[in-house]
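Undergrad: First, the structure itself, so that you have it in front of you.
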Amino acid sequence: KRTIINELFEELYKNKDEEFLRLIDRFCFNDDEELRTLTFKFYNYALNELDTDLYLDSFIDKYYTSELINDAVDIYTNKIKSYIPLIKTLVGDLPDVPLKKGVSDTYFSRVCELLNSFFTAGTYNEIVSSLPEKLDVRAPNGLSESDKKAIDDFKKEYEKLVNYLKKLPESEDAFKEYFKEFIPYSKILIRLVKTVDERLKAYKARYQIFEFNDIAKLALNLVKTNIEVQNSLKTSLKMIMIDEYQDTSVLQEAFINLIENNNVYMVGDVKQSIYRFRNARCDIFIDKYDRYKFKGEGLAIDLNKNFRSRREVLDDINYIFKNLMTSSFGGASYIDDHLIECGNTDFEELGKLDVSSHSDFIIHNAKNVDSVEVEANIIARDIIDKINNHYQVLDDKTLRDVKFSD
């Protein structure tokens, strides 16, 4: 892939391709490595789609809609708003001392006055227009070291915020124009990806070497176009069982739909979806779960009982996730459909402990350290502490001291 992309770039340079050179001029600085990498990633992403050609042909119409541009504006608006609590906290720590003798204004009150409109802004336009690029407030003389530090901390974070806003368009309308400005460049990039796709298809066919997605698509095409093969699979498979269904891709789902015969049994947990990078689509799981559970299109069986863990552990997990996971954030309503029930009463009857069995959270600062090594040391110390203090575990209905093998 890299070789074909590199060869294509060299050809376009040699031929002085105007569109390509315009793309290079707009997005490349010292070299074009980022653009080569983007072409590589874009191609891989397109290959994950059910129909690569259709995906590329419809890309502009699908991704440059007003709705998606408005969503982008909302994302950046909310990101800027996320700075507000930190800035407010730092402002609250500023010294409330007069700016100079005989003046009632203090350093704190003047900054509050200058930032009041920003703190109450709601829309992107209000936020961008209400944040002063510079706060013309001079610190009074004779401040303590702690007051000086409070001012420095505030200025540092405020400067970060101002610099971030400088990189963004100056209004919502400018934001929308900014997106539209990139449509011609996206078309050039799509052209590059299509050429890479054509050359790779020829290369794969010549040497008979394929990627997993190619094999999936070849199988899909075979079953789709050959009814005899499709019927043979439909009638010969007694049951199709799919594990980790939340990590199903559109290719896998399309294939299963062609060979199933009202005989598919799926097991999954939307909370455990981790394969989005290979185009796993947990919304396939969510859609089917909802249709089976609420519309009677199949049978949904909730396996919410946990027989492995203590009630306290499950209570802690439920507490965290019911406050975080909703249909709009995470793809599932945890409190409605995914609360875990305790199924093992042995812990309460035979494994009762004198100490708390609730979860412990060990927090460490990962900045400027080898985080993996620090974590390993923290965990090792916790294990040694449990061994030395005869931490109790339930084993075959009997409490005993914890062992390293546990």
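Undergrad: Can you tell me how much longer the chain between residue 79 and residue 260 gets when fully stretched, taken as 0.36 nm per residue apart minus their C-alpha distance, in nm with one decimal?
TA: The span from residue 79 to residue 260 would gain 60.7 nm if fully extended.
Undergrad: Can you list residues from other chains, or at least 5 along the same chain, whose modelled amide H is less than 5 Å from the amide H of residue 242?
TA: Hits under the 5 Å cutoff: 265, 266, 267.
Undergrad: Another question, if that's okay. So what does log10 I(q)/I(0) come out to for segment 256-395 at q = 0.10, 0.12, 0.13, 0.14 Å⁻¹, using the Debye formula with one equal point on every Cα and no solvent?
TA: Calculated log10 I(q)/I(0) at the listed q: -0.55, -0.76, -0.85, -0.94.
Undergrad: Something else: Expressed in nm², what is the orientationally averaged projection area of the convex hull enclosing the Cα positions of segment 150-242? Walk me through the numbers on the way to the answer.
TA: Details: hull surface 57.1 nm².
So the Cα hull casts an average projection of 14.3 nm².
Undergrad: Let me ask something else about it. Can you work out the Karplus-derived ³J(HN,Hα) for every residue in segment 354-359? Use 6.51 cos²θ - 1.76 cosθ + 1.60 with θ = phi - 60°, whole Hz, and x for glycine or proline.
TA: Ordered by residue, 3J(HN,Hα) equals 7, 9, 5, 9, 6, 5 Hz.
Undergrad: How much FRET efficiency would the formula 1/(1 + (r/R0)^6) give for residue 350 and residue 226, where r is the Cβ-Cβ distance and R0 is 56 Å, rounded to 0.05?
TA: For R0 = 56 Å, the calculated efficiency reads 0.40.
Undergrad: Okay, moving on. With a cap of 10 neighbouring Cβ atoms within 10 Å, and only residues DSSP puts in a loop, list the trypsin sites (Lys or Arg not before Pro) found in segment 123-214.
TA: 134, 138, 167
Undergrad: Then there's this: Enumerate by residue number the trypsin sites (Lys or Arg not before Pro) in segment 1-102 meeting two conditions: DSSP loop (anything except H, G, I, E, B), and at most 13 other Cβ atoms within 10 Å of the site's Cβ.
TA: 16, 100, 101
Undergrad: Here's a follow-up. Percent of Cα-Cα pairs more than 19 Å apart in segment 97-253, please.
TA: On the way: 9322 of 12246 pairs.
I get 76 percent for the Cα pairs in segment 97-253 exceeding 19 Å.
Undergrad: At a Förster radius of 56 Å, what calculated FRET efficiency corresponds to the Cβ-Cβ distance of residue 163 and residue 387, to the nearest 0.05? Spell out each step's value before the answer.
TA: On the way: r = 50 Å, r/R0 = 0.90.
It comes to 0.65.
Undergrad: How big is the shadow of the Cα convex hull of segment 53-104, averaged over all directions, in nm²?
TA: Approximately 6.3 nm², given one-decimal rounding.
Undergrad: Looking at the P(r) of segment 217-324, how many percent of alpha-carbon pairs lie beyond 20 Å?
TA: Cα-Cα pairs of segment 217-324 separated by over 20 Å account for 53 percent.
Undergrad: Something else about it: Tell me, in nm to one decimal, what length is gained between residue 58 and residue 209 on full extension, where the rule is 0.36 nm per residue of separation less the Cα-Cα distance?
TA: The residue 58-residue 209 span can extend by a further 51.5 nm.
Undergrad: Any idea of the accessible area per residue across the chain, 1.4 Å probe, to the nearest Å²?
TA: Ligands and nucleic acids excluded, the result is 67 Å² per residue.
Undergrad: All other residues with a Cβ under 13 Å from the Cβ of residue 336 taken together, and with Lys, Arg as +1 and Asp, Glu as -1, what is their net charge?
TA: -1
Undergrad: Okay, moving on. At a Cα cut-off below 21 Å, give the lysines reachable from residue 100, other chains included and same-chain residues fewer than 8 away excluded.
TA: By straight Cα distance, residue 100 reaches 134, 148, 149, 155.
Undergrad: What accessible surface, in Å², does a 1.4 Å probe find on residue 77, ignoring ligands, DNA and RNA and rounding to the nearest 10?
TA: Spelled out: residue 77, probe radius 1.4 Å, area about 10 Å².
Undergrad: GNM, the chain, Cα, under 10 Å: largest mean-square fluctuation among 320, 259, 274?
TA: Residue with maximal mean-square fluctuation among 320, 259, 274: 320.
Undergrad: If you don't mind, there's one more thing I want to ask. Please go through segment 1-46 and write out the chymotrypsin sites (Phe, Trp or Tyr not before Pro) that DSSP classes as loop and that have at most 12 other C-beta atoms within 10 Å.
TA: 29
Undergrad: Here is a further query. Please give the solvent-accessible surface of residue 291 in Å², to the nearest 10, using a probe radius of 1.4 Å with every protein chain present.
TA: Its heavy atoms expose roughly 60 Å² to the probe.
Undergrad: If you work out Rg and Dmax of the Cα atoms in Å from the coordinates, which of (1) 29.5, 95; (2) 23.1, 71; (3) 19.9, 61 do you get?
TA: Identified label for the calculated read-out: (1).
Undergrad: Okay, next question. So what is the relative contact order for the chain, in percent, with contacts set as C-alpha pairs under 8 Å and at least six apart?
TA: Working: 341 pairs, mean separation 45.5, N = 406.
With pairs under 8 Å counted, the relative contact order is 11 percent.
Undergrad: I've got another one for you. Output needed: percent of Cα pairs per 5 Å distance bin for segment 4-50, bins running from 0 to the one holding the longest distance.
TA: Histogramming segment 4-50 at 5 Å steps yields 5, 19, 26, 27, 13, 7, 3, 0 percent.
Undergrad: Using a 1.4 Å probe on the protein heavy atoms, what percent of the accessible area of the chain belongs to carbon and sulfur?
TA: Values: 14100 of 27170 Å².
Using a 1.4 Å probe with all protein chains present, the chain comes out at 52 percent carbon and sulfur.
Undergrad: Right, here's the next one. Taking the Cβ of residue 86 as the centre, find all other residues whose Cβ is under 14 Å away and add up their charges (Lys, Arg: +1; Asp, Glu: -1).
TA: +2
Undergrad: Take every Cα-Cα pair in segment 312-367 and report what % of them are more than 17 Å apart.
TA: 54
The values are calculated or read from the model by the stated rules, or taken from the named source; none is laboratory data. Only a predicted model underlies this, so the values are computations on that prediction, with no experimental measurement involved. Note that we place each Cβ from the backbone using ideal geometry, even for glycine, and neighbour counts take in every protein chain shown. Only protein heavy atoms, including side chains, enter the accessible area calculation; ligands, DNA and RNA are left aside. Shrake-Rupley method; radii C 1.70, N 1.55, O 1.52, S 1.80 Å.
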